[in-house]
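Engineer: Dropping a structure here in structure tokens format, bear with me for questions.
The values are calculated or read from the model by the stated rules, or taken from the named source; none is laboratory data. Please read all numbers here as calculations on a predicted model, not as lab measurements. Please note: Cβ atoms are built from the backbone with ideal geometry, for glycine as well, and neighbour counts cover all protein chains shown.
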């Protein structure tokens, strides 16, 4: 009878160990899931920050380029206005002569 009693005790211990192993595995699984969720949130936040930083950099570069182009256009326009003004001023005397001759 001692053998049956020992076998029953061994079976109960194995059963208890199996339940404990199942509980430990569930706990470890939950812990791993939480850790994975936390890491994924961190990764998403980091990606968002990098995307925002890249967007700001691209926006800054585009603004800088647009300002440079606007400055160049302004300078070219100013030069053209001065050339046109000079030509027009030079033609005032000629126009006055034509008017005077047509009146006389």
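Conditions (1) within 29 Å of the chain's Cα centre (by Cα); (2) surrounded by fewer than 10 Cβ atoms within 10 Å (Cβ to Cβ), marked per residue:
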| position | (1), (2) |
| --- | --- |
| 32 | no, no |
| 54 | yes, no |
| 66 | yes, no |
| 81 | no, no |
| 85 | no, no |
| 93 | no, yes |
| 101 | no, yes |
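Engineer: If you check 9, 59, which single one turns out to be free of Cβ contacts under 8 Å to residues at least 40 places away in the same chain, over 46 Å from the mean Cα position of the chain (by Cα) and on the phi < 0 side of the Ramachandran plot?
Structural biologist: Testing whether each residue is free of Cβ contacts under 8 Å to residues at least 40 places away in the same chain, over 46 Å from the mean Cα position of the chain (by Cα) and on the phi < 0 side of the Ramachandran plot leaves just 9.
Engineer: Okay, next question. In the list 82, 56, which residue meets the criterion of being part of a helix (DSSP H, G or I) and modelled with pLDDT under 95?
Structural biologist: Answer to the selection: 82.
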